[in-house]
1. Only one of (1) modelled with pLDDT of 80 or more; (2) under 24 Å from N300 (Cβ atoms) fails for K250. Which number is that?
2. Starting from the range 111-140, take each residue that is at pLDDT below 65 and list its partners that are surrounded by 13 or more Cβ atoms within 10 Å (Cβ to Cβ), counting only C-beta distances under 7 angstrom and pairs at least six apart or across chains.
3. Quick one: what pairs do we get from the range 41-61, first residue without any contact (Cβ under 8 Å) to a residue 24 or more places away in the chain and assigned to a loop (DSSP other than H, G, I, E, B), second of a type outside the set (F, W, Y) and surrounded by 14 or more Cβ atoms within 10 Å (Cβ to Cβ), C-beta under 7 Å, 6+ apart or different chains?
4. Only one of P92, P82, P67 is in contact with a helix residue (DSSP H, G or I) (Cβ under 9 Å, 6 or more places away or on another chain) and loosely packed, with under 12 Cβ neighbours inside 10 Å. Can you tell me which?
5. Give N238, N182, N212 a once-over and let me know the one that is open to solvent by 20 Å² or more (accessible area, probe 1.4 Å), of a type outside the set (F, W, Y) and at pLDDT 85 or above.
6. Going through the range 226-261 one residue at a time, which ones are closer than 14 Å to L310 by Cα and of a type in the set (D, E)?
7. Which residue pairs have Cβ atoms closer than 9 Å, lie 6 or more positions apart in sequence or on different chains, and pair a first residue in the range 224-244 that is closer than 14 Å to A294 by Cβ with a second residue that is open to solvent by less than 10 Å² (accessible area, probe 1.4 Å) and of a type in the set (G, A, S)?
8. Here is a list of conditions, (1) assigned to a loop (DSSP other than H, G, I, E, B); (2) under 34 Å from the mean Cα position of the chain (by Cα), and A72 meets all of them except one; can you say which number that is?
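The values are calculated or read from the model by the stated rules, or taken from the named source; none is laboratory data. From a predicted model like this one, the values you see are computed outputs, not experimental measurements. All Cβ positions, glycine included, derive from the backbone under ideal geometry; neighbour counts span all protein chains shown. To get the accessible areas, we keep the full protein, side chains included, count just its heavy atoms, and leave off ligands, DNA and RNA. Shrake-Rupley method; radii C 1.70, N 1.55, O 1.52, S 1.80 Å.
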Amino acid sequence: MNLGDLDDDNWHNIAPIAGDIARFIWYLDNDECEIDDHARNLTGLQDLKGRKPASDFTGRIHTADQPYVTMAMRDAVANNAPYACEYRFHKPDGTQLWLLAHGRFVTTRSGERAILGINQDITDLRRRQERADIVAHEMNHRVKNLLAVVTSVFRASARNTTDKAELVTVFEQRLGALASLNSVMMQADQMTTRLTDLVNVILRPVESGKINKTLDEVVLNGTAAQTIALLLNELMTNALKYGGLAADGKGVDLSITTRDGAFRFSWQEHAGREVREPRGSTGFGMSVLHGMTAATFGGNPRLNWDPTGLHFTCEWPDAEMAATP
């Protein structure tokens with residue numbers, strides 16, 4: 001492409017005029033560049049007026065991106081074709097931009113070879129993309145974990161049920177707890193959830209008057225929330241059948257608090273009658289109460305069968321259960 005009758009110092013007149021477009025020309029024979037007012041304001045290179053060594057600009061391109069910029073430029077010259085590339089740019093004040101560059105190889109009226117082009121600030125777009133990538137990675141990780149948990153729940157439920165109807169009922173209850181957890185967490189940022197929201201969703205099927213809740217304001221990370229959801233579901237299911245939430249039950253005291261670096265969970269049932277410890281219970285519920293709680297950040301579960309009902313407690317390190325700020 002030839003600039004025709006345009007003088008070399010009027011190169012900026014052939015670039016698009018727009019508020020967010022920064023224009024430049026790179027004189028290849030002398031390895032010099034020139035940028036317009038908008039480019040100077042965008043990059044913080046206020047003193048880069050007139051022709052300057054190209055390194056004054058290119059030296060601020062992120063070292064990891066410089067090879068790609070050089071390759072795009074060379075390809076544009078070799079093939080007399082347009083080029084486009086994205087790169088990180090370090091401003092003099094230490095901040096970093098993402099710039100999108102478009103341009104093509106030209107010859108000026110005086111016969112100089114040059115790259116004529118524009119730069120556009122795409123920093124906000126790249127940051128949104130990076131956040132989306134992080135969320136997508138986390139979602140992929142969570143889906144794999146969730147499928148593993150669902151498989152484990154099904155196998156354990158199948159081992160401890162006697163017919164298909166019972167299996168369907170038990171599995172639907174446990175899957176429902178996971179679905180409720182997922183719904184709560186999908187409404188939050190960074191795959192976290194507030195403790196109060198989680199407890200209210202899991203215990204929603206239960207008459208509220210039968211559960212006396214003491215809950216601290218805590219935001220749980222994904223692993224902690226999954227454990228608490230399954231734990232509450234198993235305790236609720238057992239209490240509805242045999243304990244404090246049964247038809248003749250007197251209720252449950254639920255306390256989840258954080259004190260002195262410890263995350264404390266307490267479930268105290270009031271059955272209204274004498275309750276005895278069941279013998280030989282090794283089902284999925286016990287795996288949750290003992291195994292999952294202990295495996296989650298080194299929990300310390302304790303299960304006591306008081307005369308008036310089941311009393312389950314567990315402690316975890318507060319810092320491990322809470323979401324990262």
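1. Here K250 clears every test but (2).
2. Going by the 7 Å Cβ cut-off, the qualifying pairs are E138/M191.
3. As it stands, the answer is Q46/R40; L48/I35; L48/R40; L48/D56; G50/E34, since those pairs meet every condition given.
4. Criteria check complete, one pass: P92.
5. N212
6. E234, D253
7. Sorted first by the residue in the range 224-244, then by its partner, the pairs are L230/A177.
8. Every listed condition holds for A72 apart from (1).
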